[in-house]
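Quick notes on the structure that follows.
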Amino acid sequence: MDQRDDQIDEQLNTDTLFDAPPMAEQERMVEAVLFASAEPVTLRDLTARMPHGCKPAEAVNHLQNRYEGRGVRVVQVGDAWAIRTASDLSFLMQRETVEQRKLSRAAIETLAIIAYHQPITRAEIEEIRGVSVARGTIDQLLEMEWIRLGRRKMTPGRPVTFVVTPNFLDHFGLESARDLPGLKELRSAGLLESRPPPGALPMGGHDDDDQEEEQAELFPADLPSEDPFESADVIESEA
């Protein structure tokens with residue numbers, strides 16, 4: 001017997017010693033690999049992982065049939081295979097979360113001005129802040145539904161005004177905008193400087209002790225007396 005025959009006999013003995021496991025066991029192997037893998041697995045990868053003589057393609061086919069109609073399925077992704085949630089049950093995987101959004105200083109200032117001086121136009125907000133109001137600032141407050149468009153002012157150009165919404169009041173635990181803290185409360189909390197801003201009317205010391213006068217300053221008499229939430233504000237379409 002020459003060397004070639006010895007090699008053939010050795011190969012035959014090896015194949016006999018390492019027979020492929022039953023197909024049911026091959027299915028279990030494929031199932032384990034696909035379940036544990038975060039990425040789809042190709043047949044070549046399965047062949048490399050499984051014992052000699054296994055038929056991963058046939059095992060995948062059997063496994064695919066066994067998972068038919070179940071909550072998860074064996075699906076083909078390109079030239080690879082993966083275990084995925086059944087498409088008709090994908091809605092169960094959705095989860096609603098509360099997104100924490102931090103307001104910029106400009107947005108906080110703009111929101112405060114609208115709350116205390118509503119209904120107020122963009123130009124009036126810019127006059128109080130002393131700087132222009134970025135479009136993104138207003139858009140963010142509108143998207144959060146903390147402000148909304150109010151009635152147009154009866155001034156040249158009929159500019160749109162802004163008012164706070166019931167969502168704003170609910171978030172801060174207020175019944176109406178008039179429940180906002182007064183000047184004395186803001187100053188005692190360190191949220192307002194004691195000195196008046198440039199261009200502001202001088203206020204006597206006795207004003208700090210009179211809540212009604214404080215509210216009168218925060219809500220000027222020239223503003224409409226009705227609650228902005230009770231008025232049916234209709235924005236006229238641009239011509």
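Coordinate-derived values only; no laboratory data. Values in this document were obtained by computation on a predicted structure and should not be read as measured data. Backbone-built Cβ (ideal geometry, glycine too); neighbour counts: all protein chains shown.
So the label point goes 7 Å from the Cα of Asp88 along Cα→C-beta, right? Which residues of segment 59-75 then have their backbone N under 14 Å from it? Backbone N within reach: 68-73. In a reduced charge model with +1 at each Lys and Arg Cβ and -1 at each Asp and Glu Cβ, segment 105-189 shows a dipole moment near 360 debye about its Cα centre. Going from the residue with the fewest nearby Cβ atoms within 10 Å to the one with the most, Tyr116, Tyr67 rank Tyr67, Tyr116. Across segment 67-82, coupling constants 3J(HN,Hα) worked out from phi with the 6.51/-1.76/1.60 Karplus curve, θ = phi - 60°, read 8, 4, x, 8, x, 10, 9, 8, 10, 8, 10, x, 9, 10, 10, 8 Hz, and Gly and Pro carry x. Sequence-ordered 3J(HN,Hα) estimates for segment 115-126 from the Karplus curve with 6.51, -1.76 and 1.60 and θ = phi - 60° stand at 4, 8, 10, 5, x, 9, 8, 4, 4, 5, 4, 5 Hz, glycine and proline given as x.
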